[in-house]
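The values are calculated or read from the model by the stated rules, or taken from the named source; none is laboratory data. Everything quoted here is computed from the prediction, not taken from an experiment. Reconstructed Cβ throughout: ideal geometry from the backbone, glycine too, with neighbour counts over all protein chains shown.
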Amino acid sequence: MPISNAQTYCADISRPALANGRSSLMLCDGRASNAPPANEHAISSSHVEPPPPFQFDFSLLEDSTLLDALFEGIPGNEDLFSVTPVPAFNASAEASTEPALRFLEGFTRNTGLTGSFDCGTEAERLETYAHYEIDRWQYSTGDSNGTLTAKSNEIISVLCETIRTKARNSPVEHEWSKVTEQSCRRLFAPDRLRLYHSLYWAIWHPNVNFVHCSFDITTATISLVAAMAVIGAAVSPVAEDVASARLWFNTVEDIVFADLDVCANDDAQNDLPSLADVQVLQAAYVVCLYQNWEGSVASRRRIRRSRYSAVVARARDLGFANARHLDYHFASDFSWHDFAVREQFIRVLLWIFLLDTAFVIFHNFPPRIAIKELRMHFAHNEACFQAESSLECYQQIITQTCPTGLVLADIVGRLCHSSNDVPLQLSLADLGPLNLFVLTSSLHSIIFQIRQSFGQELHLTPVRNALLNWMEAFRIYSTTYRQSLHHDTLIGTEPTPQTMWKRVGFSRFCPEYWLLAKLMTDKMAAAAQPTMANLSPLTMDGSNDADETENILSHYDETSMQQVNRLIADFQKVVI
């Protein structure tokens, strides 16, 4: 959205930094602020250390045969990496000294969004907060504050109505009173909407990057505006902001899923959904995130068992097969708005599937999305998605080298079909970390289904094929494309509060998800092998006791991630 003139405030509030490096929440004429010290609130004294910087030893991937030595001693390894002889390799001398699965071990041990995901260091969050707190103070008395007043009043009005008319089974615990109204007006005041949306972009957005930079807070649905504000406050380094956000978790959940229910009453579509439809789906997903990682035990259970199912149902209504890009060969046919809607739709569906696999991996919950129904395209690279003008976006699209038009369900099938599909590996290598993360996560959905079947060893070959193909594709990505600006637009620069939204989030830890899938596959294969201990008159064929494979994860629909954390700790002992 263009800036009108040098003496007016930026119109496209809540967008991330513009191409010239200025924050969209700064005065467009660049005037210095006379604001007081940025943070007058108490900073939270207790915090969980953020995930460590990614320290995967990429030198191990320069030669795929080194993977054999890296995983030497893991049961079943010889079946997966036996194509070529293993060269002499000193793992202790050449491998990273960091424990394998370090990110996932912390992810399953820690709680909260900032403790589990990649939200930057505490120092980075404090610096970001200080930067945007100055902007909030500066704009709280400016004319531009009026552009958000209507949106603020609309959100407060809907929340008030929701509390006063809540249903018997509503999760809302508030009663509308003066105290409740004051709390509501504080969290959703125009200046704080600006602040919390800025924190959403800078701190949270890289982890779940499905909102386009053309986002306009003044025209977006109130569901998405409210949900983004709540999660922005939840990742704030200021304890008072976090406490305020938690007070409104359930009420915002109620208004968001009320909107989702209204949309679900619409007829199923056979074309691209509207931006409003996509934003309601995004809002519901954001609620699932903050409740599952910040909410109470009851809220987490409600999200996992009920709310997320409604999100999947709405995604099916909108149609996975409708999440596809057009042929963008001709500039005259290119519409940036249309591209942004399509890309956001594709990305929110990818992240819905990733949450499905997260419930499978970390809570041992049966998958609710079948891989074969994912007849959708992959996401474009970050340079395309982060482009801040139509021309820049189109230029990035026509210069990308990865193949277009790939269908996710078909690609997963090809991964499983043969063990050394070189053309496929080359095609997937330039898809980038998000799409590679989706592919390796899909293997966990397949593994869960195999764990529930009999004769597991018969079904493991496709998974082994997929594991090998994925790692070869990732090896090519890491050595050829990883340093490309197409996938990481901040390569060679230090992130600032204005550019933190462009970071690559926790999807860069996808090799750990691959390794976890590999170790689980090996454990199932080892359990399926006949041993003298399980030979009996009733099982003379040597079939193993089902309990052996159930020991991988024996409890289903677990709110806690402790059993997965214990499994990862056991795997670490083997790998190390």
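Among the candidates LEU434, LEU426, LEU443, the residue that is surrounded by fewer than 19 Cβ atoms within 10 Å (Cβ to Cβ) and of a type outside the set (Val, Ile, Thr) is uniquely LEU426.
Scanning the range 295-312 finds one or more residues that are assigned by the TED database to the domain that holds TRP176 and either in contact with a His (Cβ under 6 Å, 6 or more places away or on another chain) or not in a helix (DSSP H, G or I) (or both).
Let's see how each residue does on (1) touching a Ser or Thr at 6+ places or on another chain (Cβ under 8 Å); (2) crowded, with 19+ Cβ neighbours inside 10 Å; (3) not assigned by the TED database to the domain that holds ASN565; (4) not in a loop (DSSP other than H, G, I, E, B):
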{"residue": "ILE447", "(1), (2), (3), (4)": "yes, yes, no, yes"}
{"residue": "GLU472", "(1), (2), (3), (4)": "yes, yes, no, yes"}
{"residue": "GLN483", "(1), (2), (3), (4)": "no, no, no, no"}
{"residue": "GLU494", "(1), (2), (3), (4)": "no, no, no, no"}
{"residue": "GLN498", "(1), (2), (3), (4)": "yes, yes, no, no"}
{"residue": "TRP501", "(1), (2), (3), (4)": "no, yes, no, yes"}
{"residue": "ARG508", "(1), (2), (3), (4)": "no, yes, no, yes"}
{"residue": "ALA517", "(1), (2), (3), (4)": "yes, yes, no, yes"}
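Only one of the numbered conditions (1) modelled with pLDDT of 95 or more; (2) part of a helix (DSSP H, G or I) is not met by ASP261, and that is (1). For ARG164, the stated conditions do not hold, so it cannot be described as at negative phi and touching a residue at least 24 places away in the same chain (Cβ under 8 Å). Reported count of residues in the range 312-345, each being surrounded by 23 or more Cβ atoms within 10 Å (Cβ to Cβ), within 19 Å of PRO403 (Cα to Cα) and within 19 Å of the chain's Cα centre (by Cα), is 1. If you filter the range 202-249 down to residues that are among the aromatic types (Phe, Trp, Tyr) and part of a helix (DSSP H, G or I), you find that the one that is surrounded by the fewest Cβ atoms within 10 Å (Cβ to Cβ) is PHE249.
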